[in-house]
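Q: Can you read through this structure? Questions will come right after.
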Amino acid sequence: MDLLDWHRGRLTSRRLAVLVKHMPRDSAVAQELHGEASEWNVSDYLLAAAVDHLAAANWMFASVNTDEDAEQPPPPVPVPRPGEASAGAAADEPEPPSRGDLLRFFS
């Protein structure tokens, strides 16, 4: 399929919007719209939650079983999830178009 077909009139805007909407998770459009979140599925979120809970349980066990005078172990750091603000993100980068902007453009 050629994107120029849309400009030539051989591909309708509706068909193009449907094709864009149903692209696979690893497509460039999905990556641009959703970032790292496009690569995560429900299983990934559940696995991250399980790791966080296990780390918290281990931390609590270690905290309870250390000597009162000893230094307490540091609390666990949760697994980073998509959409969380990262410290290395540049503030001067332009924002990509939102999903709503793209849907209005193609409808």
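The values are calculated or read from the model by the stated rules, or taken from the named source; none is laboratory data. The model shown is predicted, which means the values in this text are computed figures rather than measured ones. Cβ placement follows ideal geometry from the backbone for every residue including glycine, while neighbour counts extend to all protein chains displayed. Protein only, heavy atoms only, side chains kept; ligands, DNA and RNA dropped before computing areas. Shrake-Rupley method; radii C 1.70, N 1.55, O 1.52, S 1.80 Å.
Q: Before we move on, is S38 open to solvent by less than 90 Å² (accessible area, probe 1.4 Å), among the hydroxyl-bearing types (S, T, Y), under 27 Å from the mean Cα position of the chain (by Cα) and over 22 Å from R104 (Cα atoms)? I'd like the intermediate steps shown before the answer.
A: On the way: open to solvent by less than 90 Å² (accessible area, probe 1.4 Å): yes; among the hydroxyl-bearing types (S, T, Y): yes; under 27 Å from the mean Cα position of the chain (by Cα): yes; over 22 Å from R104 (Cα atoms): no.
In short, no.
Q: Next up: Could you check how many residues of the range 1-14 are among the charged types (D, E, K, R) and either within 14 Å of R104 (Cα to Cα) or in contact with a strand residue (DSSP E or B) (Cβ under 7 Å, 6 or more places away or on another chain) (or both)? Can you show your working first?
A: Let us first name the residues in the range 1-14 that are among the charged types (D, E, K, R), namely 2, 5, 8, 10, 14.
Of the ones still in play, those that are also either within 14 Å of R104 (Cα to Cα) or in contact with a strand residue (DSSP E or B) (Cβ under 7 Å, 6 or more places away or on another chain) (or both) are 14.
Here the count works out to 1.
Results for (1) at pLDDT 90 or above; (2) within 25 Å of R25 (Cα to Cα), shown as yes or no for each residue.
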| site | (1), (2) |
| --- | --- |
| D44 | no, yes |
| A48 | yes, yes |
| N58 | yes, no |
| F61 | yes, no |
| D67 | no, no |
| Q72 | no, no |
| P76 | yes, no |
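Q: Continuing with this model, one more query. Within the range 24-32, is there a residue that is loosely packed, with under 11 Cβ neighbours inside 10 Å and of a type in the set (K, R)? Outline the logic, then answer.
A: First pass over the range 24-32, keeping only residues loosely packed, with under 11 Cβ neighbours inside 10 Å: 24, 26, 28.
In the following step, the residues that additionally are of a type in the set (K, R) were identified as none.
No, the range 24-32 contains no residue that is loosely packed, with under 11 Cβ neighbours inside 10 Å and of a type in the set (K, R).
Q: How many residues are free of Cβ contacts under 8 Å to residues at least 40 places away in the same chain and either part of a helix (DSSP H, G or I) or open to solvent by less than 100 Å² (accessible area, probe 1.4 Å) (or both) if we restrict to the range 1-20?
A: 12
Q: Select from the range 41-66 the residues that are under 17 Å from P78 (Cα atoms) and of a type outside the set (A, V, I, L, M, F, W, C) and write down the one among them that is least open to solvent (accessible area, probe 1.4 Å).
A: The selected residue is D52.
Q: What single numbered condition from (1) surrounded by fewer than 10 Cβ atoms within 10 Å (Cβ to Cβ); (2) outside any loop (DSSP other than H, G, I, E, B); (3) acidic (D, E) fails to hold for D69?
A: D69 satisfies every listed condition except (2).
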